[in-house]
Amino acid sequence: MITIIPEAPENVAAFNATGEVTREDFENLVIPRVKEKVEQFGELNYLLYLDTDLDKFTMGAWLEDVLLGLKNLTKWNRTAIVTDKEGVQNFTDIFSVVMPGEFKSFPKENLYNALYWCKNGDEVEA
């Protein structure tokens, strides 16, 4: 399931993935939200907080189709993937290959730093 992260900056489409993630999650929530942000800001800053095992992320041909569809919707600016899961490299590899713009991964403890980076292109100074 995918939900919107409500505390995200206004110019960031931020999502939390939990449990099993399906094509319908992307079609019914992610794509409309992405379109809304692009219409509002003219570019897309995107964050995905992966709070699920990758085997629950029903990977398959649909994911690449959805990502390619999203790629064609807009000018991608910054994308952050937030996770502590082992093996997420496969996911981030797929994402970074098909998506233009800057791409960065963050550990879960740095969610707010990831949101700040998506918003501004800078990280919070420690």
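Rule-based calculations on the coordinates, nothing more; no lab input. On a predicted model such as this, the values are computed, not experimentally measured, just so you know. We place every Cβ from the backbone using ideal geometry, glycine too, and count neighbours over all the protein chains shown.
Under 11 Å from the Cβ of Asn77, count the other residues' Cβ atoms, weight Lys and Arg +1, Asp and Glu -1, and hand me the total.
Neighbourhood net charge equals +2.
Which pairs in the list Lys35/Lys85; Lys85/Lys108; Lys35/Lys104; Lys37/Lys108; Lys37/Lys85; Lys75/Lys108 are over 19 Å apart, alpha-carbon to alpha-carbon?
The pairs that break the limit, which is 19 Å between Cα atoms, are Lys35/Lys85; Lys35/Lys104; Lys37/Lys108; Lys37/Lys85; Lys75/Lys108.
How high is the FRET efficiency between Glu7 and Asp122 when r is their beta carbon distance and R₀ equals 25 Å, given to the nearest 0.05?
That gives a FRET efficiency of 0.85.
List the residues, sorted by chain then number, that are 5 or more residues from Phe106 or on another chain and whose placed amide H is less than 5 Å from its amide H.
Ile81, Val82, Thr83
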